1. Would you call Ala224 buried (at least 17 other Cβ atoms within 10 Å of the Cβ), assigned to a loop (DSSP other than H, G, I, E, B) and of a type outside the set (S, T, N, Q)?
2. In segment 312-319, is there at least one residue being of a type in the set (D, E, K, R) and either in the same structural domain as Asp274 (by TED's automatic domain parsing) or in contact (Cβ under 8 Å) with a residue 24 or more places away in the chain (or both)?
3. For segment 1-21, give me each residue that is of a type in the set (Ser, Thr, Tyr) and not in a helix (DSSP H, G or I).
4. Please go through segment 172-191 and give me each residue that is assigned to a helix (DSSP H, G or I) and in contact (Cβ under 8 Å) with a residue 60 or more places away in the chain, ordered by number.
5. Ile289 is checked against (1) more than 25 Å from Ile172 (Cβ to Cβ); (2) buried (at least 18 other Cβ atoms within 10 Å of the Cβ) and fails just one. What number does that condition carry?
6. If I filter segment 142-169 down to residues being crowded, with 20+ Cβ neighbours inside 10 Å and of a type in the set (Gly, Ala, Ser), which single residue comes out as farthest from Leu319 (Cα to Cα)?
7. Conditions first: (1) without any contact (Cβ under 8 Å) to a residue 60 or more places away in the chain; (2) touching an Asp or Glu at 6+ places or on another chain (Cβ under 9 Å). Leu203 passes all but one, so which condition is the exception?
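The values are calculated or read from the model by the stated rules, or taken from the named source; none is laboratory data. The structure displayed is predicted, hence computed values, not measured ones. As a convention, Cβ positions derive from the backbone with ideal geometry for all residues, glycine included, and neighbour counts pool all protein chains shown.
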Amino acid sequence: MANIRDVAKRAGVSVTAVSFAMNGTGTLSDENRLRIVNIANEMNYTPNRAAQGLISGSLNTIGLVMPKPGTDFSLDLELIGEVGAAISEMGYHILLSWEDTFGGKKVLNMVRSGQVDALCFVLPMDEGETFKVLNDMNFPYVLTTRPKEGVPADWVDVDNIDLGFKAAVMLIKSGHKGIGFVSPGPMDYLVSCDRFTGYQMALKHFDIPIHADYFITGSHKLEAGKRALDHFLSLPEKPTAIIAGTAIIAIGMINRMRELGLEYPQDISIIAFDEFALSKEYEITTIHIPTQRIIHEAFRFLIKKMNAERILKQTQIALQSELYIRKTFVPDIRILDDWDYKQ
């Protein structure tokens, strides 16, 4: 027996558009509504309760797929609450799905069981098969991290390669040649790989040798910062500046510097990605990733996609970041032409 996604695929529309057509709701033109209904009749499709709930009925639910709390990329619960409130104002509910791993079996089960009308992935998922299945189903979804090359997915994010490049260039133009890099998480996460790629591009651009010892894998824990600093200080040629994958890592490094009697930026300059509640207290210069805006833009696009009469072309949205200048690294503002910054 045909289901709503079979009809959507045959008609070349989203499952939400099929729901609109069958329920007589939404903003579909009479021509498109009739065309979809005729296709549904030809396929002997009968809406079930879950399908009838799409958008206009009892569901109005978007699945928010995110890392399990405590993992390297877990989100702040306050941020989740803010996003939930904003989506509620749009007339939708959120179903949270914690992911222990970054595979897609759990997600696809949620879709096939009719629990959600659409999906928003808020995690560095690097598993293209899941997105291929969702594309074949014409199921609306969006990512808040850039997928790997060749994965046909809609996404909203920042350009992490560009940010890694610009962070390193700032330090180089400020006189640093020995620059350490601590990734925000494992290198099989694309965000880690992209920022490191940008960092390497900057060093090559200025003919600065790339030292393998100047890289270390980080995590979303204070201990990662302490471990990274001890590693860099153990080297014969110590870096004079460090790019930290997260503000948490930077705080771990600063705590260790204080234990050793070191000062910033005199002994070591630090730039960190991601603004954090304690970034100002610790005087960390940060590259602010607008996570809240990324998620809001993703939901806005997703709702537009759900209400579209036709399947929209793939969309990639790269948002701008801001540089918050504090005491761990104070660049000359004359080298900040490419940045929006606050002092």
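1. Working: buried (at least 17 other Cβ atoms within 10 Å of the Cβ): yes; assigned to a loop (DSSP other than H, G, I, E, B): no; of a type outside the set (S, T, N, Q): yes.
No, not satisfied.
2. Taking segment 312-319 first, the residues of a type in the set (D, E, K, R) are 313.
Still in the list and also either in the same structural domain as Asp274 (by TED's automatic domain parsing) or in contact (Cβ under 8 Å) with a residue 24 or more places away in the chain (or both): none.
No: zero hits.
3. Let us first name the residues in segment 1-21 that are of a type in the set (Ser, Thr, Tyr), namely 14, 16, 19.
Within segment 1-21, just Ser14 meets the criteria.
4. Within segment 172-191, the first condition is being assigned to a helix (DSSP H, G or I), and the residues that meet it are 172-173, 190-191.
Selection gives Lys173, Leu190, Val191.
5. (1)
6. Per the stated criteria, the residue is Ala168.
7. Checking Leu203 against (1) without any contact (Cβ under 8 Å) to a residue 60 or more places away in the chain; (2) touching an Asp or Glu at 6+ places or on another chain (Cβ under 9 Å), the one that fails is (2).
Results for (1) without any contact (Cβ under 8 Å) to a residue 60 or more places away in the chain; (2) in the same structural domain as Ile208 (by TED's automatic domain parsing); (3) surrounded by fewer than 20 Cβ atoms within 10 Å (Cβ to Cβ), shown as yes or no for each residue.
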{"position": "Ser234", "(1), (2), (3)": "yes, yes, yes"}
{"position": "Pro239", "(1), (2), (3)": "no, yes, no"}
{"position": "Ala244", "(1), (2), (3)": "no, yes, no"}
{"position": "Arg256", "(1), (2), (3)": "yes, yes, yes"}
{"position": "Gln266", "(1), (2), (3)": "yes, yes, yes"}
{"position": "Ala298", "(1), (2), (3)": "no, no, no"}
{"position": "Leu302", "(1), (2), (3)": "no, no, no"}
{"position": "Lys305", "(1), (2), (3)": "no, no, yes"}
{"position": "Lys327", "(1), (2), (3)": "no, yes, yes"}
